[in-house]
2 protein chains.
Amino acid sequence: MKLQITLAVISLSVSQLFAQQPAPAPTPMLYSVKTLDELKTIQKASLAGDYALRQTAYLSNNIGPRLSGSPQAERAVQYVAEEMRRLGLDVRLQKVMVPHWVRGQEHGELIEFEGMAPGTTQKVILTALGGSIKTPDDGLAAEVIVVNNFAELNALGRTGVEGKIVLFNNKFDREMQAAGYGGSAYGQAVAYRFAAAMQAAPLGAVAVLVRSAGGSQNRLAHTGSMGYADGVKKIPGAAVTYEDAETIAYLAKMGKVRMKLTLTPETLPDAPSYNVIGDLKGSDKPDEIVIVSGHLDSWDLGTGAIDDAAGVAVAMQVANTLKQLKLQPKRTIRVIAWMNEENGGAGSRAYALEQEANMARHIGALESDLGATHPLGFIFAGKPESLPFFAPISNILGTQGAGLSQIQPNVGSDVNPLTQKGVPSFAPWFDQRTYFNYHHTAADTFDKINPKDIAEVGSVMAVLAYGLANLEVPLPR
Amino acid sequence: MKLQITLAVISLSVSQLFAQQPAPAPTPMLYSVKTLDELKTIQKASLAGDYALRQTAYLSNNIGPRLSGSPQAERAVQYVAEEMRRLGLDVRLQKVMVPHWVRGQEHGELIEFEGMAPGTTQKVILTALGGSIKTPDDGLAAEVIVVNNFAELNALGRTGVEGKIVLFNNKFDREMQAAGYGGSAYGQAVAYRFAAAMQAAPLGAVAVLVRSAGGSQNRLAHTGSMGYADGVKKIPGAAVTYEDAETIAYLAKMGKVRMKLTLTPETLPDAPSYNVIGDLKGSDKPDEIVIVSGHLDSWDLGTGAIDDAAGVAVAMQVANTLKQLKLQPKRTIRVIAWMNEENGGAGSRAYALEQEANMARHIGALESDLGATHPLGFIFAGKPESLPFFAPISNILGTQGAGLSQIQPNVGSDVNPLTQKGVPSFAPWFDQRTYFNYHHTAADTFDKINPKDIAEVGSVMAVLAYGLANLEVPLPR
C-alpha cells in the first residue's frame with residue numbers, strides 16, 4: 001500500500017513539474033496523470049457551476065415536500081428520471097413498495113396548570129412523529145408528566161405513568177453541535193424519539209411527547225420516525241418544540257399540568273414508488289460501478305431542501321459536470337436518487353438485495369445526506385488500508401478547504417446496506433453547526449442552501465467519484 | 001451645568017477617597033454622596049437578584065399571551081396589581097378601553113405554480129396582521145403578485161393589481177441588525193406592514209401579504225399591527241415567513257402563482273382594561289414622580305416574554321430592590337404596567353391625558369420595551385444639556401458594561417406621549433442583535449431571557465430611576 005501511494009504522489013508531482021514531458025510509467029500507480037489532470041478540471045467546473053443549486057431549487061420550491069407515497073414524491077421520481085435522461089444517462093426506475101403515512105391535524109394545548117387564566121388554554125406547538133397512530137379524532141386529554149430519560153420513566157413505574165402523557169425532556173446538546181458534532185448530538189437525542197412509545201406504553205402511558213431532536217430555538221418542531229415494538233401497545237407520539245418542552249417542564253414543577261392532544265395521521269396501504277437509477281457508462285470497465293447518491297423523499301413539514309434535495313442534486317451534478325466536460329469515466333458512475341430514506345429505507349434495502357451477487361463490482365458508493373453547508377472533506381467506511389489511496393484526491397480537494405478525510409463505521413443510511421456487504425462507502429463531511437437546527441422542520445427550505453457551499457459539495461462528489469471510477473487498482477476489500 | 005457636574009464628580013471622588021471624613025458641602029451638587037453610595041448598593045442588589053426573571057417567567061409561562069381584551073391580559077392586570085401591593089406600593093388601576101381583536105384560523109396554500117405535483121398544494125406559513133379584517137370563512141383564491149416596494153406596486157397600476165393578492169417582499173435588513181441596529185432595520189420593514197393594505201386596496205388588491213418584519217430565518221411569521229386608512233377599502237392582511245416570501249418570489253418569476261388565503265380574525269367591541277400603577281412614595285417630594293414601566297399586553301403568537309413581560313418585570317424589580325434594601329427615594333417612583341402598547345396605545349394615551357396638568361411634576365419616565373438582552377447603557381429623549389447630568393450614573397453602570405448614554409428623539413411608544421410634553425424620558429439601550437428575530441413571533445417565549453442579562457436590565461432601571469428620584473436639582477426642561 002505504502003509503496004503505491006508514494007508512487008502516486010510522485011506521479012502527481014511529476015505531472016506538475018514536467019508537464020511537457022511524457023508521464024512516467026503508470027504502474028503501479030493509483031491514478032493516471034491524465035486522471036489527476038481531469039480531476040482538477042472537474043473540480044474547477046464543479047465550483048463554477050450552479051446546476052446542483054438549480055436542481056435543489058426545483059425539487060424543493062417547485063415540487064415541494066416529498067414524503068414516501070405522496071404525489072410530490074411520485075412527481076419527483078418522474079422529474080429526476082427525465083432530468084437524468086436529459087443528461088444522457090441510461091435510466092431505469094427500480095420499483096419498491098413504501099410506507100404511506102399521511103400527516104393529519106396536529107394540535108396541542110395545555111388545559112390545566114398553575115396560574116392559568118380562566119377560560120383560556122395555552123397552545124403547544126408540536127408535530128406528529130412519522131408513523132404515529134392517531135389519537136381519537138377529537139383528541140385525548142390527560143396529565144403530562146415530565147421525565148429526562150428512560151431511568152426516570154422506569155422509576156415512576158406503572159402507578160406514576162398509567163393514563164398519562166409522558167414528555168421525554170431529553171435535551172439536544174447544542175454545545176456539542178456548536179463544537180462541530182451535530183450528528184453526534186442528534187444521535188443522542190434521536191434515541192428518545194425512536195423508543196419513547198415502546199418504553200412508555202408498557203407502563204400505561206396514553207401518548208408520548210419528545211422534546212424535539214434538533215437544535216432549533218425558534219418554536220420549531222422536529223419530526224422524524226418513531227418506532228413501535230412487536231407485542232407492545234401502540235400509542236400516539238409527537239415532538240414538541242424546545243420552547244414548549246421548557247414551558248411544560250417549568251409548569252410541571254409547580255403543579256399538575258393537563259393537556260389536550262389531537263393527532264390525526266393515517267397509515268395507508270403501502271404504495272409503489274421507485275429508486276431512480278441513471279448510469280453514465282464507463283469506457284474501460286462498464287460493469288464496475290461507483291454510486292453517487294442522495295435521497296429523493298423528504299419529510300413533509302418543510303420542502304426537503306437540505307434533507308435531501310441537495311443530496312440528489314449534487315449526485316446529478318456529477319453527471320452534469322462530466323457531460324459538460326465531455327469526460328467519460330473508466331468505470332460506470334451510477335447516479336441514484338433513493339426512495340424512502342426517511343421512514344423505512346425500502347429503496348436502499350431493495351437495491352442491496354437486487355445487487356447481492358454484484359457487490360464485488362461496486363467499487364465505491366457515495367451518499368450526500370447531511371445538507372449542503374461547507375464541506376471539510378469526506379468520510380469513508382471501509383478498510384483502513386484504503387485511506388492512503390485518497391491522498392491525491394484530498395490534495396486536490398484541499399485547495400477548496402475540503403482536504404480532510406476520516407474513517408467511520410458507516411457514512412449514511414442509504415449506502416449502509418452496501419457498506420455492510422463490503423462496498424467502500426463515502427460521504428461529504430460537512431460543517432455541522434447548523435444542519436440540525438433545520439433538519440425535519442418546516443424551515444428545511446431552499447433558502448438554507450448557500451450557492452457557493454453546494455457547488456463545493458458537488459465538487460467533492462465529482463472529484464471523489466471520478467477518482468474512484470478511474471482508479472488504476474481497486475480499493476482494498 | 002458644567003460646574004455642577006464637575007462638583008458632582010469631585011464629590012464622588014471625595015466619597016471614595018475619604019470615606020471616613022465628612023462629605024463636602026453638597027451644594028450645588030447633582031447627587032448627594034449618600035445617594036451615590038446607595039446607587040452602588042442598588043446596583044449590586046439588582047445584579048444579584050432574580051426577581052425580574054421570576055416575574056417574567058410567571059407572566060409568560062403561567063399567564064401566557066396577553067393581547068388587549070383577552071382573559072390573559074385581564075389576569076395579568078390582577079396579578080401585577082396584587083404583586084405590586086405585596087411590594088408595599090400604593091396601587092391603582094387606571095381604566096382604559098382597548099381594542100379587542102381575536103385571531104381566528106389562518107391558513108395559506110399555493111394552489112397553482114410552475115411544476116406543482118398534480119393533486120397537491122404547497123403550504124404557506126403566515127399569520128394575520130393585528131387588526132386585519134377576515135377573508136370569507138372558506139378563504140379567497142387569487143393570483144399573487146410580488147413587489148419589493150410601493151414604487152413597484154404603483155408602477156403596476158390598477159390593471160396589474162386588481163383582483164390579486166399583493167406580496168410586499170421588502171427584505172428585513174439582517175446585516176443592519178447584525179451590526180447592532182436591529183431597531184433601525186425594524187423601522188424600515190414595518191412601514192410595509194403598516195401601510196400595505198391602504199396602498200394596495202385603492203388599486204383593487206383583494207388582500208395583502210408582507211414579508212415578515214423581523215430577522216427570523218426559521219419559518220416564523222412575525223405579526224404586528226396593520227393600518228387602515230379612512231375612506232380606503234379594508235382588505236385582509238397577513239405576514240408570511242421569510243422562507244415563504246422567498247419561495248413565492250422564486251415561483252412568481254417562473255409563472256403564475258395562485259394562492260388560497262383564509263383568515264378569520266374578529267374585531268369585537270372595545271373592552272375595558274387597565275394600566276396598573278403602583279407608587280413607592282417619595283420621602284421629600286412625594287408629588288414629584290419618576291416612572292419605571294413596561295407594557296403588560298403582548299401579541300398572541302408566543303407568550304410575550306421579551307415583548308414585554310421582561311419590561312414589566314424589570315420595572316417591578318426596581319420597587320422590589322428598594323424594598324429589599326429598605327431605601328425610600330426622595331421623589332415618588334411610580335411603577336406602571338401599560339396596557340395596549342401593541343395595538344392601539346390606549347393605556348399610554350389615557351395616562352398622558354389624565355396627567356396633562358401634572359407634567360412638570362414628572363421628573364423622568366423610564367420604559368423598557370426592547371427585550372432583556374445585555375444592556376449597553378440607556379437612551380434619553382430630552383434636552384441635550386441634560387446629558388452631563390447622567391455622567392455619575394453612567395460611571396456606576398459602566399462597571400457592569402452599561403456605561404453608554406445616547407440622545408434620541410424618542411425612547412419608546414408608551415412614554416412617548418410624556419416625552420412629547422417635555423418629560424425627560426429614558427430606556428435601557430440593548431444589544432439588539434437578536435431581539436427582532438423573535439419579536440412578535442411564536443418564539444417570543446421565556447427561554448429567550450438570559451438570567452444574567454435581565455438582572456443587568458433591572459440594575460439599569462433601578463440605578464437610573466433612583467438617581468433621578470434623588471437628583472438634587474431637576475433636569476433641564
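Every number in this text was worked out from the coordinates using simple rules, so none of it is lab data. Since the structure is predicted, the reported quantities are computational estimates derived from the model, not experimental observations. Cβ placement follows ideal geometry from the backbone for every residue including glycine, while neighbour counts extend to all protein chains displayed.
Assorted remarks:
- Average other protein chain Cβ within 10 Å of Cβ, residues B:66-79: 2
- At most 16 other Cβ within 10 Å, DSSP loop - GluC sites (Glu not before Pro), the stretch B:99-149: B:Glu114
- Within the same chain, lysines fewer than 8 places from B:Lys34 are excluded, and of the rest, those with a Cα less than 16 Å from its Cα are B:Lys44, B:Lys326, B:Lys330.
- Shortest first, A:Gly119 label-point distances to identical copies amount to 4.6 nm, with the label point at 7 Å from Cα along Cα→Cβ.
- Beta-bridge orientation, the protein assembly as shown: approximately 55 percent antiparallel, per DSSP, counting only bridges with both partners inside.
- Distant-in-sequence amide contacts of A:Val206, defined by a placed amide H-H separation under 5 Å and a gap of 5 or more residues or a different chain, comprise A:Gly163, A:Lys164, A:Ile165, A:Val166.
- The relative contact order of chain B, computed from alpha carbon pairs under 8 Å that lie at least 6 residues apart in sequence, is 23 percent.
- With coordinates expressed along the principal axes, the C-alpha atoms belonging to chain B extend over 87, 40, 39 Å, beginning with the largest.
- In the assembly of identical copies, A:Leu47 has its label point, taken 7 Å from Cα in the direction of the beta carbon, separated from the corresponding points by 4.9 nm (ascending, one decimal).
- Summed side-chain charge close to A:Val411 - residues other than A:Val411 whose Cβ falls under 13 Å, Lys, Arg +1, Asp, Glu -1: -3
- Nonlocal amide H pairs with A:Asp297, under 5 Å, H built at 1.01 Å: A:Asn340, A:Glu341
- Distances from B:Pro286 to itself in the other copies, using label points 7 Å out along the Cα-Cβ axis, amount to 10.1 nm in increasing order.
- Part-to-part distance (alpha-carbon centres) for the stretch A:217-254 and the stretch B:84-161, which is given in Å: 29 Å
- Kirkwood Rh, Cα atoms: Rg over Rh of the protein assembly as shown: 1.04
- Per-q log10 I(q)/I(0), the stretch A:233-311, q = 0.25 Å⁻¹ (Debye; single scatterer per alpha-carbon; no solvent): -1.25
- Only lysine pairs 8 or more places apart, or on different chains, with alpha-carbon atoms under 25 angstrom apart are counted in the stretch A:104-264, and they number 22.
- Among chain A residues, the beta-carbon with the smallest distance to the axis carrying A onto B is reported, with distance in whole Å, as A:Asn218, 2.
- Spatially proximal lysines relative to B:Lys421 (Cα-Cα < 17 Å; intrachain offsets below 8 disregarded): B:Lys383
- Rounded to whole numbers, the Karplus 3J(HN,Hα) couplings from phi for the stretch A:447-454 are 4, 6, 8, 8, x, 5, 5, 5 Hz, using 6.51 cos²θ - 1.76 cosθ + 1.60 with θ = phi - 60°, and x at Gly and Pro.
- Global geometry of the stretch A:104-264, whether rounded, prolate or oblate, following the gyration tensor of its Cα atoms and the 1.5 cut on a/c: rounded
- Counting only DSSP beta bridges with both residues in chain B, the antiparallel share comes to about 55 percent.
- In this structure the amide hydrogen of A:Glu367, modeled in the peptide plane, comes within under 5 Å of the amide hydrogens of A:Ser293, A:Phe426, A:Ala427, none closer than 5 places in sequence on its chain.
- Using the rule -39500 (n - 2.57) for each DSSP H run of four or more residues, divided by the residues of chain B, the 222 nm mean residue ellipticity is -10500 deg cm²/dmol.
- The HN-Hα couplings worked out from phi for the stretch A:298-308 by the Karplus form 6.51 cos²θ - 1.76 cosθ + 1.60 (θ = phi - 60°) are 8, 5, 9, 7, x, 10, x, 7, 7, 9, 8 Hz, whole numbers, x standing for Gly and Pro.
- Qualifying chymotrypsin sites (Phe, Trp or Tyr not before Pro) in the stretch A:142-212, where qualification requires a DSSP coil assignment and no more than 16 other C-beta atoms within 10 Å, comprise A:Tyr181.
- Sorted by Cβ neighbour density within 10 Å, fewest at the top, the residues B:His222, B:His362: B:His362, B:His222
- 3J(HN,Hα) from dihedral phi, the stretch A:247-256, Karplus parametrisation 6.51/-1.76/1.60, rounded to Hz, x for glycine, proline: 5, 5, 5, 4, 5, 5, 6, 8, x, 6
- Note on the stretch A:160-254: Cα-Cα pairs beyond 15 Å make up 60% of the total pair count.
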